[in-house]
Each structure stands twice: as C-alpha cells, then as structure tokens.
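Before any comments, here is the structure.
Throughout, read-outs are computed from the coordinates displayed, never taken from laboratory work. As the structure is a computational prediction, the values presented were derived from the model and not from experiment. Don't worry about glycine lacking a Cβ; one is built from the backbone with ideal geometry, like all the others, and counts go over all protein chains shown.
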Amino acid sequence: MIRGLEGRRIFRDNQDRDNLLSRLEALLTESQTACYAWALMPNHAHFLFRTGTEPLSSLMRRLLTGYAITFNRRYKRHGHVFQNRYKSIVCQEDAYLHELVRYIHLNPLRAGLVSDLPKLDSYPYTGHGALMGVVEHPWQAVDYILLSFGKTVRSARNGYMRHLEAGVNQGHREDLTGGGLIRSLGGWTTVKKERMQGSVRRMSDERILGDSDFVEAILARSGEHFESAYQLARAGYDLNRVVNRVAEISGMQRDEIFSKGRVRNAVRAKSLVCFWAVRELGFSLTEMAGHLGMTVAGVGYAVRRGEKIAREHHYRLLDSTP
C-alpha cells in the first residue's frame with residue numbers, strides 16, 4: 001500500500017491516475033510481475049502483486065520516484081509526495097488470495113467513490129472492472145484470478161461476484177493486515193522457545209499474512225534478520241532512546257546533536273543516530289530524512305559513516321543502562 005504524505009491526495013485528477021497506471025503497466029511488463037488486484041483512492045492505493053524478475057523494492061522505488069517527479073513538476077511543488085516507504089505484507093496465496101482481491105476491489109465502494117456494486121463494474125481505477133470484462137488491462141492477471149473461482153468465464157465471474165457481495169458489509173479487516181504475536185513476545189527466538197514449550201498456539205508477524213507454518217518458513221528463509229530489532233523493541237528502544245545513547249557516548253546535549261551546520265562532533269553523533277535507527281530499529285531512510293530534515297541520500301551517507309564510527313570505536317547500542 002502507498003499513502004500520501006500526511007494523508008494528502010496523491011491523485012488530484014484522472015490524468016494523475018492514468019500517469020501512475022501507465023508507469024505501472026511498463027514496469028509490470030518489463031519485470032514480469034503479476035498484478036492480481038489494485039485500487040487507486042484519493043490519498044492512497046492498494047496493490048496485490050506476485051513478484052517476477054525484479055525485487056518488489058526496486059519496482060516500487062522506480063514507480064513512486066517517477067510518479068513523484070512528474071507530480072511535483074505538474075503542480076510546481078517540491079518535496080515528498082508519499083508518506084514514508086510503501087507498506088508491504090507477504091501473504092500466503094492459497095489461504096488469502098480471494099480475501100485480498102475482494103478487500104482491495106471493494107475499497108472504492110467502502111469509501112463512497114461509487115454507490116453500489118453495479119457502479120463498481122465501470123469504475124476505471126480498480127481491477128474489478130477488468131475481472132468483470134468491462135474494461136481491459138492487459139497487464140492485470142485477470143485469467144489467473146478468474147480460474148480460481150470457476151472453470152468457465154461465466155461461472156468464474158458469478159463465483160467472484162458472490163464472493164464480493166458477501167464482503168460488502170465487512171468493513172476494515174484487521175486480520176488482513178498481518179499479526180503481531182511475534183513482536184509482542186519479543187522476537188522469533190522467543191517464539192520458537194515458547195512454541196517448543198507448548199505455550200504458543202498461533203504464529204504471526206505483522207509483515208506476514210499466513211498460517212503458522214507459512215510464517216515460520218518465511219522467517220527461517222530470512223535468516224532471522226529482524227531478531228535484533230525485536231530484542232531492542234522489547235527492551236524499550238525507540239528513536240528517542242537512540243538519541244539518548246548517542247548523547248551519552250558523545251558527551252553532547254540532544255540539541256547539540258541536531259544543531260545546524262557541519263560541526264564535526266555533531267556530524268559524527270548524528271551519523272550514529274542514523275546508523276542505529278536504520279540498521280538496528282528498522283527505520284527507513286525516508287522516515288529518518290523526515291525526522292532529521294535531511295535528504296534521503298544524506299541519511300544514506302550518514303548511515304555508512306555511522307557504521308564506520310561504531311565499528312572503529314566498538315560502540316554498541318545496547319551498552320547503555322535503561
């Protein structure tokens with residue numbers, strides 16, 4: 001999902017929407033990425049993809065950067081268009097494909113952009129119309145979705161519509177935004193230990209949507225990359241705590257760390273803040289740029305410099321006293 005900065009509109013008219021879809025079509029075709037469902041809303045958009053030859057992070061960066069440049073040029077504005085990084089969730093296809101397609105395609109109806117399901121058929125800025133054969137989007141994986149509802153086009157569309165109708169009154173679905181059990185327990189290692197003891201009956205993770213075996217397989221494949229962030233979160237570490245730790249190491253006051261200019265000690269301290277916030281707590285470069293009033297490129301450079309400083313002086317974030 002992508003969302004406008006501070007909830008602002010990312011589409012002001014149909015020309016904006018068509019611009020994004022044109023860019024999306026080119027990127028999906030080039031990268032052989034399948035799009036199963038999508039919906040463009042005034043200040044956000046939903047997409048359901050199966051990745052192809054290009055990582056999702058690369059595809060989304062190209063899509064959003066290109067769109068933002070055009071958007072800013074058209075409206076003679078500067079700065080960010082989107083709020084932080086896009087939000088992505090890995091989902092288990094067998095269990096959640098139909099649910100997610102329905103949830104995404106009903107967004108215009110729930111938001112009042114169309115008055116009823118028949119009107120949704122002809123709404124041009126969601127993938128629903130393509131599934132119903134009203135509009136054509138060659139880049140949308142229409143056949144794949146229809147075949148999951150029935151063996152013929154007619155039976156498939158009937159099955160899809162019955163599924164859609166059943167979800168009209170469901171509203172927001174918390175169960176389709178990932179879980180939270182792993183974070184609340186304090187990390188994947190903790191979950192595995194408690195699971196062996198029989199105290200964990202359900203596996204979940206806010207970045208992954210699926211049953212316990214699916215979540216376990218995804219996290220194992222990731223090499224437990226997020227374990228450190230979970231431990232820090234459990235210990236109460238946030239950006240404020242990181243700044244306090246850097247102030248302790250550097251012997252500086254908080255306001256000195258964020259002072260304007262190129263004072264050497266302040267630059268080094270700010271670099272440590274960026275390094276630990278991004279690499280340890282999982283903040284995105286865009287988030288840190290917003291917090292610190294820096295460019296994304298500047299934060300990236302600061303992270304690398306902070307890493308070098310921490311390595312040379314053997315600084316550790318967890319060394320401080322809570």
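One table, with the values for the structure above:
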{"read-out": "Computed label-point distance, nm, for sites Asp238 and Ser58 using a 7 Å Cα→Cβ extension", "value": "3.6"}
{"read-out": "Estimated FRET transfer efficiency when R0 is 41 angstrom, pair Gln32-Glu6 (beta carbons, to 0.05)", "value": "0.70"}
{"read-out": "Sorted peptide list for 151-158, 238-245, criterion being average Cβ within 10 angstrom, highest first", "value": "238-245, 151-158"}
{"read-out": "Rough spin-label spacing in nm, given labels placed 7 Å along Cα→Cβ, for Asp121 and Asp13", "value": "3.0"}
{"read-out": "Packing rank of 140-149, 52-61, 265-274, 68-77, where each peptide gets the mean count of other beta carbons within 10 Å, highest leading", "value": "265-274, 140-149, 52-61, 68-77"}
